[in-house]
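The values are calculated or read from the model by the stated rules, or taken from the named source; none is laboratory data. Treat the numbers as computed from the prediction; the structure is a model and nothing was measured. In this analysis, Cβ positions are derived from the backbone assuming ideal geometry, glycine residues included, and neighbour counts consider all displayed protein chains. With ligands, DNA and RNA removed, areas are computed over all heavy atoms of the protein, side chains included. Shrake-Rupley method; radii C 1.70, N 1.55, O 1.52, S 1.80 Å.
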Amino acid sequence: MKVHNRVPAMPHDHHDHDNHLDPMDARVRALETILVQKGLVDPAAVDAIIETYAHKVGPQNGAAVVARAWSEPAFADWLARDATAAVGAMGFTGRQGEHVKAVFNAPGLHHVIVCTLCSCYPWSLLGLPPVWYKSPAYRSRVVIEPRAVLAEFGLVLPEATQLRVWDSTAELRYLVVPMRPEGTEGWTPEQLAELVTRESMIGTGLARVPA
Ligand code: FE
């Protein structure tokens, strides 16, 4: 099985009345209908959560953290020691991001995150996880053959680079801090944040190189 490395589309609006539902969508809608009918779930609350994580919380939060760590050594130290507090100080705490550990890439060392059990992911920093992150193929293969999986994402690292794969849990989620690209001396944090991709903070990619 291959891990799909295309950036997947966001889940479509779940009030879209699409006549061509795939079986998973149909099951999700049936389940939501039952939960709403039984009064267990308020559809407005579900919509608010989806709206928040689809549009308001996303990889731009993690990118701001990384850019600040690149810009302020004291912040980088704090992030390394206590990421939960450091990202909390920037306002990025909340559901699925209560406890965070930041792992820093360095020359010869590259970190990758996964949740082998399910799909734990730092929502408050990266938004909703991409579809491939939740796929059985990614979850099982990245721990067994990380180099091959990264190559499928277009990321080929030197043989001498050590790979560390971190298995997220409901208790602790990880943020990869990619290496700062060369040629960015004097850049503002806002400019630097533009280089920080979601994949670079999962470890399936690197930060963008300035044009
Ligand atoms: Fe999980």
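Scanning region 147-167 finds no residues that are open to solvent by less than 30 Å² (accessible area, probe 1.4 Å), within 15 Å of the ligand (Cβ to nearest atom) and either in contact with a Leu (Cβ under 6 Å, 6 or more places away or on another chain) or assigned by TED's automatic domain parsing to the domain that holds TRP70 (or both). Among the candidates ALA193, ALA106, the residue that is of a type in the set (Gly, Ala, Ser), away from the ligand (no atom under 16 Å from the Cβ) and closer than 20 Å to TYR53 by Cα is uniquely ALA193. Scanning region 110-128 for residues that are open to solvent by 10 Å² or more (accessible area, probe 1.4 Å), closer than 16 Å to ARG139 by Cβ and in contact with a strand residue (DSSP E or B) (Cβ under 9 Å, 6 or more places away or on another chain), we see that the one that is nearest to the ligand (Cβ to nearest atom) is CYS120.
Scanning region 168-187 for residues being in contact with a strand residue (DSSP E or B) (Cβ under 6 Å, 6 or more places away or on another chain) and more than 16 Å from the ligand (Cβ to nearest atom) gives a total of 2.
Looking at the structure I just gave you, is VAL66 of a type in the set (A, V, I, L, M), in a helix (DSSP H, G or I), within 14 Å of the ligand (Cβ to nearest atom) and closer than 15 Å to GLY203 by Cα? Considered against the rule, which asks whether it is of a type in the set (A, V, I, L, M), in a helix (DSSP H, G or I), within 14 Å of the ligand (Cβ to nearest atom) and closer than 15 Å to GLY203 by Cα, VAL66 comes out as no.
When we screen GLU171, GLU190 for residues that are touching a helix residue (DSSP H, G or I) at 6+ places or on another chain (Cβ under 9 Å), in contact (Cβ under 8 Å) with a residue 60 or more places away in the chain and open to solvent by 80 Å² or more (accessible area, probe 1.4 Å), the only hit is GLU190.
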